[in-house]
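The values are calculated or read from the model by the stated rules, or taken from the named source; none is laboratory data. All values reported here derive from a predicted model rather than from experimental measurement. Neighbour counts are summed over all protein chains in view; Cβ atoms, including those assigned to glycine, are modelled from backbone coordinates with ideal geometry.
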Amino acid sequence: MRERSLSGEHRRVTPELETLFSFLRFPSISTDSANTGDVRACAEWLISKLAGMGLATQLHETARHPVVIARNQHHAGRRTVLIYGHYDVQPVDPLALWSSKPFEPELRDGKIWARGATDNKGQMMAHVLGVEKTLRENHELPVNLIFLFEGEEEIGSPNLAPFLARHLAELKCDVIAISDTGMVAPGVPTLGYGLRGIACCEATLRGPKGDLHSGLFGGAVANPAAGIARLVSSLHSPDGRVNIEGFYDSVRPLEAWEREMWAKVPGVSDSDFLRITGSPGLFGEAGYTSAERTWARPTAEVNGIGGGYQGEGSKTVLPAEAFVKLSFRLVPDQSPAELMTLVKSHLERHCPPGLEIDVEIGHDGKPYVTDPHSKFGLAAQAALRSSFRAEPVLIREGGSIPIVQTFRDVLGVDTLLLGLALTDAQIHAPNENFPIANFEAGIRLNQALLLELAK
């Protein structure tokens, strides 16, 4: 190990941290074609790292970014564990808000600061290094292992489902483990047993053939910007419920044991939500706590809205069109396709008179839930307990990882969600970070998990 001075701190940089830093330096932004070469270089670096550990590796081409596969020598009679991760990252904009260069990792305040530090390179590399440590110490693993790392998660994994179908036999496994989710609080080991699904769309309202003078035509021609506001207001009732006909028809209700259990989970009270978000107040579907709303209730959200003049001062026009970008988080047993039919019908029905509407359907993903008390769920809890020396909590995640349900649909197995991210990780935002303590715990977790799953 060697000393490194960063921002007035002296930190001992371990070989494990140096490996992670090398991984983080690749600007593997999957959504931007300008970074296609960087994504590939990152995949090739992974192949080299995994091959150097003695694993058999394959770089599989897809229509866009490669899939990395690695495995140990498989033995009959052993359980097969597939560990999934993604090596692609989100864009870094706005760059001016970063305290350090996003692809030059730094250590500050006990954390690793870089794009991808938490999502997902830090969490993923903890598993790789856990396997490396076990191989170094024992010369073998207690299970048959498959690593599956993709470079398209941040763009919705468009090529992974076809890849799974093509390679079904060689990816056959007993269970899947993913660390791409969160912990409820520092030091509190967290097992996720559910994910919300997602469905997205964009609605555009069109009026006159071009922008009009608001004095000459105001009051005589429908205003698309005003229309989009009315359209958005139709989505919710005053108490926070989604006002789309049939929206809740398929929603699986919360179990009594879940509500009782979640009431005891630290770090997710209403006051915690206020503190974490900095919001002046909370709002949502009546009759549910903030944790229940985010983990197990469906939502309709406005992600972007626009139309008309956006510059400084006034420009008195009626805009020719306006738009809104919407996303819907889904829970079991809602279907993204069925929901989008309901949404599209609602938006068209509530299009204000004098305007035309166009609804463009975007990407989607199914919700996921499994039994946390299954044999594999109990094994994961045991691994978390020994790695963090604390009792794990069981939650559903508010976010979405669409490929998890696809794993179940295609491979026929369930997934363990072993989150290492904290709520202030700034994923998808400037100043993404990952605590060194969580990185080190993740290495221990991998070793403990494979032992527990082997039993």
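Key figures for this structure:
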read-out	value
Residues located in the stretch 258-282, provided they are aromatic (Phe, Trp, Tyr) and at pLDDT 95 or above	TRP262
Residue within the stretch 384-395 that is small (Gly, Ala, Ser) and within 28 Å of PRO27 (Cα to Cα) present	no
Any hit, the stretch 268-277, residues being under 28 Å from the mean Cα position of the chain (by Cα), among the acidic types (Asp, Glu), part of a loop (DSSP other than H, G, I, E, B) and farther than 27 Å from LYS325 by Cβ	no
Flag if ALA117 is of a type in the set (A, V, I, L, M) and part of a loop (DSSP other than H, G, I, E, B)	yes
Condition check for ALA70: in contact (Cβ under 8 Å) with a residue 12 or more places away in the chain and of a type outside the set (Lys, Arg)	yes
The listed residue being surrounded by fewer than 22 Cβ atoms within 10 Å (Cβ to Cβ), charged (D, E, K, R), farther than 30 Å from LEU97 by Cα and under 18 Å from the mean Cα position of the chain (by Cα), out of ARG444, ARG389, ARG385, ARG408	ARG408
Residue count for the stretch 219-228, restricted to those that are in contact with an Asp or Glu (Cβ under 9 Å, 6 or more places away or on another chain) and not in a helix (DSSP H, G or I)	0
Unique residue being touching a Phe, Trp or Tyr at 6+ places or on another chain (Cβ under 7 Å) and under 21 Å from GLY194 (Cα atoms) when the list is LEU384, LEU416	LEU416
Count - residues of the stretch 303-332 that are surrounded by 13 or more Cβ atoms within 10 Å (Cβ to Cβ) and either touching a residue at least 60 places away in the same chain (Cβ under 8 Å) or not in a strand (DSSP E or B) (or both)	20
Unmet criterion (only one of (1) surrounded by 15 or more Cβ atoms within 10 Å (Cβ to Cβ); (2) touching a residue at least 60 places away in the same chain (Cβ under 8 Å); (3) in a loop (DSSP other than H, G, I, E, B)) for LEU231	(3)
Residue check for LEU20: within 30 Å of GLY412 (Cα to Cα) and either in a strand (DSSP E or B) or touching a residue at least 40 places away in the same chain (Cβ under 8 Å) (or both)	no
Those residues of the stretch 185-218 which are more than 15 Å from GLN381 (Cα to Cα) and part of a loop (DSSP other than H, G, I, E, B), in sequence order	ALA185, PRO186, ARG196, GLY207, PRO208, LYS209, GLY210, ASP211
Inter-residue pairs, beta-carbon under 7 Å, first in contact (Cβ under 8 Å) with a residue 24 or more places away in the chain and surrounded by 14 or more Cβ atoms within 10 Å (Cβ to Cβ) and in the stretch 160-178, second of a type in the set (S, T, N, Q) and part of a strand (DSSP E or B), 6+ apart	LYS172/THR80; CYS173/THR80; ASP174/THR80; ILE176/THR415; ILE178/THR415
Members of the stretch 390-440 that are within 14 Å of LEU191 (Cα to Cα) and of a type in the set (A, V, I, L, M, F, W, C)	ALA390, VAL393, LEU394, ILE395, LEU416, LEU417, LEU418, LEU420, ALA421, LEU422
